1. For segment 331-353, state whether one or more residues are part of a strand (DSSP E or B) and more than 16 Å from the ligand (Cβ to nearest atom).
2. Could you please find all residues in segment 227-242 being within 23 Å of E185 (Cα to Cα) and either open to solvent by less than 100 Å² (accessible area, probe 1.4 Å) or modelled with pLDDT under 95 (or both)?
3. Is it true that some residue in segment 148-166 is hydrophobic (A, V, I, L, M, F, W, C), assigned to a helix (DSSP H, G or I) and more than 16 Å from the ligand (Cβ to nearest atom)?
4. Scan (1) open to solvent by less than 30 Å² (accessible area, probe 1.4 Å); (2) touching a Cys at 6+ places or on another chain (Cβ under 9 Å) for the single condition V146 breaks and write down its number.
5. Test of understanding: among I312, I305, which residue is in contact with a strand residue (DSSP E or B) (Cβ under 9 Å, 6 or more places away or on another chain) and open to solvent by 70 Å² or more (accessible area, probe 1.4 Å)?
6. Are any of the residues in segment 253-268 closer than 19 Å to G170 by Cβ, within 20 Å of the chain's Cα centre (by Cα) and more than 9 Å from the ligand (Cβ to nearest atom)?
7. Give the residues of segment 195-221 that are of a type in the set (V, I, T) and buried (at least 20 other Cβ atoms within 10 Å of the Cβ), sorted by residue number.
8. Out of curiosity, is E224 under 22 Å from G130 (Cα atoms), in a helix (DSSP H, G or I), open to solvent by 40 Å² or more (accessible area, probe 1.4 Å) and within 14 Å of the ligand (Cβ to nearest atom)?
Amino acid sequence: MTLQTIYSDQIKKDPVFGQFSFDGHQQVVFCNDEDTGLKAIIGIHNTVLGPALGGTRMWNYKSEWNALNDVLRLSRGMTYKSAITGLNLGGGKAVIIGDAKKQKNDDLMRKFGEFVNSLSGRYITAEDVGMETRDMDIIKEVTPYVTGVSESNGGSGNPSPVTAYGVYMGMKAASKYKFGTDSLEGKKILVQGVGHVGETLVKYITDEGAMVIINDINEDRLQELSKKYDARVVLGNAIYNLDLDIYSPCALGATINDTTIQQLKTKVIAGAANNQLANEIKHARILRDKGIAYAPDFLINAGGIINVFSEIEGYTKEESLRKTENIYNTTLEIFKLSDRENISTHRAAFNIAQNRIDKHKKNKNS
Ligand code: NAD
């Protein structure tokens, strides 16, 4: 479905709060600076459990509507990610519109940091696609409301390896549920997107003896990693016709949509990308009906937020990894709950997260 078709009558009537992806967000901040060329949007979805923590994505969006849609979806996802993970954090996210390779510079980062600072801690940033630990160090020059700062600067470093570890745990749990064993040896696994998280995940599953297929839009990276991990490369949309044991989306969101869901021949889906389901209610239900074991993205990719939260809570790297390892148990519980109540795994995880938020809100108000 294109955004044009989505912005129908409702959007004409309520162009702001009637947004397709608007879901009770508390605050949306548009940041504009002519000197640096910064155009960014910060989305604060919910702060019931704590300050809204979530990364900043720099991406060359096709339109500003796409950027707004992305930040609304991503910030909402963070609310449920932190809630199900048991963290006292709300949900927020930011997007910077532009090509990170060509348009990112220190002045732009500092200016963005000033906007983050103006929110006085309601929103705390970190890395996402297109951002690096070094960028967080620059942002830190102008605001304390930043995590994912380099270890030499007192931070917890790049969260991606911890995210990858959590995804690996979630994948093993999903395999245990679907195949009766959590061993990935001999399993045919496609990793779509071999960036920061994807590469570390490829390493884990290669070490365990999986048959790994990789896909990315960056062909140089594919060549490099194919040699490094002896992985097979499949380009473009041909991936959706492959016979797989496990499909691991680790690029951008909405790769499970009306088109691909008809094609997918996989038994398990477990990946790092945020918002993998284009329509979370409909597509999660179809996956369940098709017998595909879907490990909810916002549950299994929480390693990164666990790691950056250590900068605020003061726990160690070992504790971050231990908390992340627990994703294995939670994922298994979600599969059981989904069977018991005949609901999708997404719905099962979402309900637990929403209950925690509702309970906290009630306690705060009483
Ligand atoms: P990254 O930018 O390092 O890697 C993304 C990779 O995906 C790149 O190699 C890029 O070329 C590739 N890609 C982009 N579009 C693609 C497409 N259409 N088809 C195939 N490949 C494509 O990002 P990352 O930090 O590895 O994050 C990956 C995903 O995981 C993102 O959705 C991110 O939001 C999510 N995530 C990341 C973290 C983290 O700690 N980094 C935490 C939680 C969730």
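1. At the first step, the residues of segment 331-353 found to be part of a strand (DSSP E or B) are none.
Taking every residue of segment 331-353 in turn, none turns out to be part of a strand (DSSP E or B) and more than 16 Å from the ligand (Cβ to nearest atom).
2. Keep residues of segment 227-242 that are within 23 Å of E185 (Cα to Cα), which gives 227-234, 239-242.
Within segment 227-242, Y229, A231, V233, V234, I239, Y240, N241, L242 meet the criteria.
3. So the first thing to find is which residues in segment 148-166 are hydrophobic (A, V, I, L, M, F, W, C), and the list is 149, 162, 164.
Filter again for assigned to a helix (DSSP H, G or I), leaving 162, 164.
Still in the list and also more than 16 Å from the ligand (Cβ to nearest atom): none.
Among the residues of segment 148-166, not one is hydrophobic (A, V, I, L, M, F, W, C), assigned to a helix (DSSP H, G or I) and more than 16 Å from the ligand (Cβ to nearest atom), which makes the answer no.
4. Failing condition for V146: (2).
5. Working: I305 fails: open to solvent by 70 Å² or more (accessible area, probe 1.4 Å).
Every option except I312 fails the conditions.
6. Step one: of segment 253-268, the residues closer than 19 Å to G170 by Cβ are 253, 255-256, 264, 266-268.
This time we only want the ones that are within 20 Å of the chain's Cα centre (by Cα), so: 253, 255-256, 268.
Applying the additional criterion that residues be more than 9 Å from the ligand (Cβ to nearest atom) yields 256, 268.
Within segment 253-268, one or more residues are closer than 19 Å to G170 by Cβ, within 20 Å of the chain's Cα centre (by Cα) and more than 9 Å from the ligand (Cβ to nearest atom).
7. Quick first cut of segment 195-221, residues of a type in the set (V, I, T) only: 197, 200, 202, 205-206, 212-214, 217.
Listed by number, the residues that qualify are V197, T200, V202, I205, V212, I213, I214.
8. Numbers: under 22 Å from G130 (Cα atoms): yes; in a helix (DSSP H, G or I): yes; open to solvent by 40 Å² or more (accessible area, probe 1.4 Å): yes; within 14 Å of the ligand (Cβ to nearest atom): yes.
Yes; evaluated as a whole, the condition is true for this residue.
The values are calculated or read from the model by the stated rules, or taken from the named source; none is laboratory data. Everything numeric in this text was worked out from a predicted model, so none of it was measured. When we count neighbours, we look across all protein chains shown, and the Cβ atoms used for this are built from the backbone with ideal geometry, even at glycine. Accessible surface is based on the protein model in full, side chains and every heavy atom, while ligands, DNA and RNA are left aside. Shrake-Rupley method; radii C 1.70, N 1.55, O 1.52, S 1.80 Å.
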